[in-house]
Protein chains: 2
Amino acid sequence: MQSINKMPCRQRQGFFKKNECRMKEIIKAVKEAGAIAIFPHVMADGDAIGSALALRNFLVVQGKQAYVIFEEECSYKYRFLFQETTQCCIYPNIPDVQYDLHISLDSGDMKMLGSRIDLFKSAPSTVNMDHHKTNNKYADLNYISLSSAATGEIIYDFISLYDPIYKPDAFVATCLYVAITTDTGGFRYSNTTKRTHEIAGILTECDIDIENINKQVFDLMPKPQLELLKLALPKASFLHDDKIGVIRISREDYDKAGAKEEHSDGFVDYVRNVEGVEVAISFKETADGKVKVSFRSSGVVDVSETAHHFGGGGHENAAGCTINGDLKDAERQVIEYLIGRMEK
Amino acid sequence: MQSINKMPCRQRQGFFKKNECRMKEIIKAVKEAGAIAIFPHVMADGDAIGSALALRNFLVVQGKQAYVIFEEECSYKYRFLFQETTQCCIYPNIPDVQYDLHISLDSGDMKMLGSRIDLFKSAPSTVNMDHHKTNNKYADLNYISLSSAATGEIIYDFISLYDPIYKPDAFVATCLYVAITTDTGGFRYSNTTKRTHEIAGILTECDIDIENINKQVFDLMPKPQLELLKLALPKASFLHDDKIGVIRISREDYDKAGAKEEHSDGFVDYVRNVEGVEVAISFKETADGKVKVSFRSSGVVDVSETAHHFGGGGHENAAGCTINGDLKDAERQVIEYLIGRMEK
């Protein structure tokens, strides 16, 4: 692994704001701790899971007792990471250990720890490592690196500084790679930096199987997901001069396909990717009889405004809301409002 | 740009085989030439197109008269690269220039220059730069780097060595990035190296729009392509304990969707990506009444054997063949044979 001296300066030079600490202080706290618990956020994504598992396995090599405490079971995409690691548990089924240190990863707010907030706060010392600019520095030690594309980059830096001669084994490297590749959309989002590629390049030399990792996290579909796509895709349609693409998933579709709600994640991309589409929308009937609406914009239209109008939120190019009512009714309302905005 | 001294040694140390030259010799030949034509292979892919356009624009900055001579119009995926460049032409509509040097890129055999073979050979001097191990060194100067994931990496090295203080402008960097990202499947194939990521990282700092580039080359679908998918996907099916996934595209589907054959490229991936699928097959009715069969394997089954049986060829995990007959008949024959092999 690279030594800290070869790392870019952003992470180690003195521009830390109030309530932020240097990586060195976190390393000191970790070195002094015997038992450590790591907290990924609720609905852990690839960055939270990969960062947590990498950190745990590194700490075990350093002679620590280290555990990852999840809020719930992880998405099927990341199951392949759980074959080689142990000591991961789902709250409240956790080992009866007196922890010296709790580390929260990839969470901008303590609320993102869900039901584990009190547990997190209960340790003698708490650490918060994250890369979101909204992070509100809720722990005793807060290390927020906005220049990092993923919390996985921060963990890579932490490991490099903690033990400069340590070389990640294939499992730790795989976890760090998962963290980085998922949070950058496979190095495709604009948050990808030279440093992101540098770290990924180093990890590719740690005996990892990048074809398989990427297949698992990006490509692999459970069969019910494909069955759901087979039902939903033929109903996709385009309106307003093909500038709006719409995809709809009804409860009946989920039931027929034997699919769960998570299986329709990303379906909006099928219409978003069509040439000329400025706004892509998915309408999904939820189990409790509402309609979950997701918007994606190519950049021409600010979709957060429409989401906000219907009580939701988000960013200019990715937003969402939930509407009471049936699929057709929700669609009619949203499309009518959106076209009104687009014609202005 | 990095200087040659910082480059890995593989490309510049002395292990060149018979008929291979050092990069320095190619640089000398290019420096001595006034008018240069660059030849990407037939059915140019992202690597051939990106490498050729990057090299051309670099050479123009170096004061050369440089042209790219294509065999045919490029795929829609790469059209966005043709807004900023000129002097690209499609044979035989080429400028009447006395070329001093012809450079073939990404072509393992002169046959891959299609109808331009005689033109290529007609220059006083010819160069062949490639990364395929099957390259048969058909030019006066041959530079084959098997350690390069893409010819784009070779062009990057060429540019770095030719002019160590040159920093790629956004267009040249975009072209090199396209070459590298497409030939590594977005840094996902096993040919991706530390060096691949290093170069990509440097290119991200050359003012390129990686979100847009990746959207163009990987995600964007012309509407007829989505319409074709809407027709083909519902007919996808799974057999032999869901170990075989099949997708079929009939002439009627192409016609209804207003789609071309290239629009069904990659459809086999929809069934290949389904969990548990060991062999994915697409059957496509061609305009001349045959059936084009593509096989993908997860690694358990050697599909080249089946492709070979039907007069085709390929690799263990990706192979293909063309069968005379109708869609149903071709499918019946292939599936019957394949299941026989899988049961052995």
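Checking each residue in region B:258-283 for being assigned to a loop (DSSP other than H, G, I, E, B), more than 20 Å from the chain's Cα centre (by Cα) and within 12 Å of chain A (Cβ to nearest Cβ) picks out B:Asn273, B:Glu275, B:Gly276, B:Val277. Is it true that A:Glu331 is out of contact with any helix residue (DSSP H, G or I) (no Cβ under 7 Å at 6 or more places or on another chain) and either touching a residue at least 40 places away in the same chain (Cβ under 8 Å) or more than 23 Å from A:Leu229 (Cβ to Cβ) (or both)? Criteria met by A:Glu331. A single entry from A:Glu305, A:Glu252, A:Glu227 fulfils the requirement of being more than 9 Å from every other protein chain (Cβ to nearest Cβ), outside any loop (DSSP other than H, G, I, E, B) and out of contact with any strand residue (DSSP E or B) (no Cβ under 9 Å at 6 or more places or on another chain): A:Glu227. All of (1) in contact with a Leu (Cβ under 8 Å, 6 or more places away or on another chain); (2) open to solvent by 20 Å² or more (accessible area, probe 1.4 Å) hold for B:Lys167 with one exception: (1).
Kindly establish whether B:Ile213 is β-branched (Val, Ile, Thr), part of a helix (DSSP H, G or I) and facing chain A (nearest Cβ under 8 Å). Criteria not met by B:Ile213. When you look at A:Asp118, is it open to solvent by 40 Å² or more (accessible area, probe 1.4 Å), out of contact with any Leu (no Cβ under 7 Å at 6 or more places or on another chain) and in the same structural domain as A:Ala173 (by TED's automatic domain parsing), yes or no? Answer is yes for this residue. B:Ala318 meets each of the listed conditions (1) touching a strand residue (DSSP E or B) at 6+ places or on another chain (Cβ under 7 Å); (2) farther than 21 Å from B:Asp265 by Cβ; (3) free of Cβ contacts under 8 Å to residues at least 40 places away in the same chain apart from (2). Could you tell me whether region A:172-189 includes any residue that is among the hydroxyl-bearing types (Ser, Thr, Tyr), farther than 28 Å from B:Ala173 by Cβ and either touching a residue at least 40 places away in the same chain (Cβ under 8 Å) or in a helix (DSSP H, G or I) (or both)? Yes, region A:172-189 contains a residue that is among the hydroxyl-bearing types (Ser, Thr, Tyr), farther than 28 Å from B:Ala173 by Cβ and either touching a residue at least 40 places away in the same chain (Cβ under 8 Å) or in a helix (DSSP H, G or I) (or both). Selection within region B:170-184: residues that are open to solvent by less than 10 Å² (accessible area, probe 1.4 Å) and within 13 Å of chain A (Cβ to nearest Cβ). The member of this set that is nearest to B:Ala150 (Cα to Cα) is B:Ile180.
Of all the listed residues (B:Phe58, B:Phe82), the sole one being within 20 Å of the chain's Cα centre (by Cα) and either surrounded by 22 or more Cβ atoms within 10 Å (Cβ to Cβ) or of a type outside the set (A, V, I, L, M) (or both) is B:Phe82. Before we move on, is B:Glu198 among the acidic types (Asp, Glu) and touching a helix residue (DSSP H, G or I) at 6+ places or on another chain (Cβ under 8 Å)? So B:Glu198 passes the test.
Only one entry of B:Ser104, B:Ser125 meets the criterion of being out of contact with any Ser or Thr (no Cβ under 8 Å at 6 or more places or on another chain) and at pLDDT 95 or above, and that entry is B:Ser125. Filtering region B:302-334 to residues that are surrounded by 19 or more Cβ atoms within 10 Å (Cβ to Cβ) and aliphatic (A, V, I, L, M) leaves B:Val303, B:Ala307, B:Ala319, B:Ile323, B:Ala330, B:Val334. Sub-8 Å Cβ pairs linking a first residue in region A:118-133 that is free of Cβ contacts under 8 Å to residues at least 40 places away in the same chain to a second residue that is of a type in the set (Lys, Arg), at least 6 apart or interchain, are A:Asn128/A:Lys137, ordered by first then second residue. For the residues B:Leu233, B:Leu220, B:Leu239, the requirement of being touching a Lys or Arg at 6+ places or on another chain (Cβ under 8 Å) and either open to solvent by 10 Å² or more (accessible area, probe 1.4 Å) or of a type in the set (D, E, K, R) (or both) singles out B:Leu220.
Within region A:185-201, the set of residues being on the phi > 0 side of the Ramachandran plot and more than 7 Å from chain B (Cβ to nearest Cβ) comprises just one member, A:Gly185. Within the set of pairs 6+ apart or on separate chains, which have a first residue in region A:39-53 that is farther than 17 Å from A:Pro168 by Cβ, a second that is assigned to a loop (DSSP other than H, G, I, E, B), and C-beta atoms under 6 Å apart? What qualifies is A:His41/A:Asp106; A:His41/A:Ser107; A:Val42/A:Glu71; A:Ala44/A:Cys74; A:Ala48/A:His41; A:Ala48/A:Asp106. Filtering B:Gly299, B:Gly245 for residues that are within 14 Å of another protein chain (Cβ to nearest Cβ) and surrounded by fewer than 15 Cβ atoms within 10 Å (Cβ to Cβ) leaves a single hit, B:Gly299. B:Asp265 meets all of the listed conditions (1) more than 26 Å from A:Phe267 (Cβ to Cβ); (2) open to solvent by 50 Å² or more (accessible area, probe 1.4 Å) but one, namely (1).
Going by what's in this entry, would A:Ala280 be described as closer than 17 Å to A:Leu229 by Cβ, touching a strand residue (DSSP E or B) at 6+ places or on another chain (Cβ under 8 Å) and either among the hydroxyl-bearing types (Ser, Thr, Tyr) or surrounded by 21 or more Cβ atoms within 10 Å (Cβ to Cβ) (or both)? The answer is yes for A:Ala280.
A count restricted to region B:80-98 and to residues that are in contact with a helix residue (DSSP H, G or I) (Cβ under 9 Å, 6 or more places away or on another chain) and touching a residue at least 60 places away in the same chain (Cβ under 8 Å) stands at 4.
The values are calculated or read from the model by the stated rules, or taken from the named source; none is laboratory data. What you are looking at is a predicted structure, and each value in this text was computed from that prediction instead of being measured. Cβ coordinates were reconstructed from backbone atoms using ideal geometry, including for glycine residues, and neighbour counts include every protein chain displayed. Ligands, DNA and RNA are excluded from the accessible area calculation, which covers all protein heavy atoms including side chains. Shrake-Rupley method; radii C 1.70, N 1.55, O 1.52, S 1.80 Å.
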